[in-house]
Amino acid sequence: MLEQIAFVLVFIAGVSLFALRIKAIRRNILLGRDLDRSDQPGARWKTMALVALGQSKMVVRPVAGLMHILIYLGFVIINIEVLEIIIDGVTGHHRIFSGLGSIYDFLIGSFEILAFGVVFSCVIFLLRRNVIRIKRFHAAEMTKWPTSDANIILVVEILLMFAFLSMNACDGLLQQALSASIAEGAEVSTQLSHYVSAGSFPVSQFLMPLYDGLSVEGLIFVERFMWWFHIVGILAFLVYVPYSKHFHIFLAFPNTYYSNLEAKGAFTNMEAVTKEVQLMMDPSADPFAAPAPDAADAPPARFGAKDANDLTWKQLMDSYSCTECGRCTSQCPANQTGKLLSPRKIMMDTRDRIEEIGKNIDQNKGEFKDDGKSLIRDFISEEELWACTSCNACVEACPVNIDPLSIIVDLRRYLIMEESKSPESITAMFNNIENNGAPWAFPASDRGNWTQEMNEA
Amino acid sequence: MSQAIHVPTMAEMVAKGETPEVLFWVGCSGSFDDRAKKITKAIARILTHAGVKFAVLGAEESCTGDPAKRAGNEFLYQMQAMQNIMVLNGYDIKHIVTGCPHCFNIMKNEYPELGGNYEVVHHTQFINQLIKDGRLKLSDGDTFKGKRITFHDPCYLGRGNDVYEAPRAVLQQLDAELVEMRRCKKQGLCCGAGGAQMFKEAEPGNKEVNIERTEEALELKPNVIATGCPFCNTMMTDGVKNFEKEGSVDVKDIAELIAEAADLL
Ligand code: SF4
Ligand code: SF4
């Protein structure tokens, strides 16, 4: 009974901490500007099925992609076993689903094989990060925390799988002990009587020699210990994940659902600008006319983005979905040629800043208190922004459809339209377009010169 | 020897009471840059040769606003866009072929919301269609026989609008060997000019993007690096010069290659 109460308490604690953190992230994401992504639900479900569930963009790099799918399948499917663990924990049963007979044997057998796959992939991933030291895992923005975050999760997953397999190994040994006692007609303790034959142990049988020498009491102790380690570990994992880049295991789904469905080359037209330009171009418009009544008390929104909360909620969701895998950066032409720009860093900076803004709001009773900082300059420098060629390679590469380019453009819009700050030659280009209708200083009247040249050919 | 061609402006056509099948949107680079003007002329020759009734805007054309928009100057872009849309709608234009992927992208994707609704195609798509419809025939000459050609995907044609096949289908018409770079199609590497980079010095780094890209193209030992964008063309031409390979490797737009294969130049 005590064990059951302890379990329920631990379980409630884990789930509540998780829920609180989700609430905080949701609030932070909603600090962003409005954006309507409720259209085309059919296409959205399809994108999600393909990109998040089917991981279609992961397999562009086959080795990492296939192992990632293995971990992902293992993670999802082994969670069916967690359901049993929870029910057992609350009710005090042992392996409540074992009544399913051969189906149960098949399930446990498959979980074990998957668990082995997970361990295998995690070991390879650790080697890739720490021994082979693949370049994209060691860029400037991969400071201490992002690096340990990745390693922590891999190690924890290995430990969890090891606990799961050890639990099964001891269980198997105990099942043998129980059958032997019954065959001998010996007396069976209540504790041992729980371990009726159930499940199959294709992987954990190889762990059995490790625990073979233990007494029945010893085995029961290790089996219980591993059971608790496994479930407490999973709950701890649940609490940890939303503080980590591993939050993508949840956010990948909504984030791909709300993907941009337009052509990648299409940038948004800023509505506020359209209104002003229309006014300027319409000779009948009265510049001194009173503003529309609904616009009266809303403060005019900033053009472009200076800080993280000037971005849209989708751009903020992108930042929380980022797995820091660096596929974007490794495809970025600016980054590959040694420039400061790294699209991964753009995403990490955006997330760090919106987290900071969120904390600021919490500490100041729900009001943001100016901290003199902004996403631009304090996190992302002008040099980074101006190195972007808007080539969309990062957007194409991202396995969860994150769009770093849209953030870069919104920050540039702020620089140009609010601060009139641009490299000199860019300013000259603007002037040329304004004066001659071309980015160079050629007179508009020369535009058709080539046709005359053809006349004379 | 190439023939004299008269390219009519929209104003001329309207004065004669005629309507073109398609408007040829030349773009700033194609109008003013000496190298890019050759591409423009090749496109004009192809259209004429295929019997396409087309016109240009001439002095009435103005920058689409692409470099301003990508640099963050939404005001300037929308001013340009609305001015162009006024002219285009004034002539009741329905179909546009552009000589530049940036013009193509912006008119196709960003003008509609501002009131400019046209069917816009890139010149490689248009040429592909002309060939498919049997309107454009290449002479049997073996201008490109045995040559190796590699195609550099322009970002705003490829990733930007998912047009990967049309330019390749056109190149397939040349009796040449089409070879692909390691980073091609969706994974294609930028030439380094997009996003208004064309108009400024690159940020500090350890290499120029066009050098990285040209290096990759030259690894294939091509005779021709084919392009579909006047900016890519400039960047790759500079890259080839940097490696002092201009004697053995040509950088040419697909339109120029086709015009050559059709004996139009
Ligand atoms: S769009 Fe900009 S940030 Fe993204 S890959 Fe291209 S140059 Fe890099
Ligand atoms: S933005 Fe996408 S590709 Fe880039 S690091 Fe994050 S998850 Fe990876």
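Among residues of the stretch A:399-429 being at the interface with another protein chain (Cβ under 7 Å from one of its Cβ atoms) and hydroxyl-bearing (Ser, Thr, Tyr), the one that is nearest to ligand 2 (Cβ to nearest atom) is A:Ser422. Scanning the stretch A:209-227 for residues that are hydrophobic (A, V, I, L, M, F, W, C) and closer than 14 Å to A:Phe162 by Cβ yields A:Leu210, A:Val222, A:Phe225, A:Met226, A:Trp227. As a summary of the residue check, B:Phe243 satisfies the conditions (1) within 14 Å of chain A (Cβ to nearest Cβ); (2) surrounded by fewer than 20 Cβ atoms within 10 Å (Cβ to Cβ); (3) of a type in the set (Phe, Trp, Tyr) except for the one numbered (1). Highlighted here are the strands (runs of 3 or more DSSP E) found entirely within the stretch B:105-189 that include at least 2 residues which are away from chain A (no Cβ under 14 Å), surrounded by fewer than 18 Cβ atoms within 10 Å (Cβ to Cβ) and away from ligand 2 (no atom under 16 Å from the Cβ): B:177-179. Within the stretch A:164-210, can you find the residues that are closer than 12 Å to A:Glu112 by Cβ and aliphatic (A, V, I, L, M)? Hits for the stretch A:164-210 are A:Leu165, A:Met167, A:Ala169, A:Val203, A:Leu207. When A:Leu341, A:Leu311 are screened for being crowded, with 22+ Cβ neighbours inside 10 Å, away from ligand 1 (no atom under 12 Å from the Cβ) and at pLDDT 95 or above, only A:Leu311 passes. For A:Asn436, the conditions (1) out of contact with any strand residue (DSSP E or B) (no Cβ under 8 Å at 6 or more places or on another chain); (2) within 8 Å of another protein chain (Cβ to nearest Cβ); (3) under 30 Å from B:Val56 (Cβ atoms) all hold with the exception of (2).
When B:Glu201 is tested against (1) crowded, with 24+ Cβ neighbours inside 10 Å; (2) within 14 Å of another protein chain (Cβ to nearest Cβ); (3) assigned to a loop (DSSP other than H, G, I, E, B), exactly one condition is not met: (1). Taking the criterion of being acidic (Asp, Glu) and under 27 Å from A:Phe120 (Cβ atoms), the residues of the stretch A:156-209 that qualify are A:Glu157, A:Asp171.
Residue by residue, here is whether (1) more than 19 Å from A:Asp149 (Cα to Cα); (2) away from ligand 1 (no atom under 15 Å from the Cβ); (3) away from every other protein chain (no Cβ under 14 Å) holds:
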residue: A:Asp318; (1), (2), (3): no, no, yes
residue: A:Ser321; (1), (2), (3): no, yes, yes
residue: A:Glu324; (1), (2), (3): no, yes, yes
residue: A:Ser330; (1), (2), (3): yes, no, no
residue: A:Thr337; (1), (2), (3): yes, no, no
residue: A:Arg351; (1), (2), (3): no, yes, yes
residue: A:Lys365; (1), (2), (3): yes, yes, yes
residue: A:Phe379; (1), (2), (3): yes, yes, yes
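If you go through the stretch B:49-84 and pick out every residue that is more than 21 Å from the chain's Cα centre (by Cα) and either in a loop (DSSP other than H, G, I, E, B) or more than 7 Å from every other protein chain (Cβ to nearest Cβ) (or both), you end up with 3.
Taken as a whole, the stretch B:227-234 holds no residue that is under 16 Å from the mean Cα position of the chain (by Cα) and at positive phi.
The values are calculated or read from the model by the stated rules, or taken from the named source; none is laboratory data. These numbers were taken from a predicted model, which means no experiment stands behind them. Using ideal geometry, Cβ is built from the backbone for each residue, glycine included, and neighbour counts are taken over all protein chains shown.
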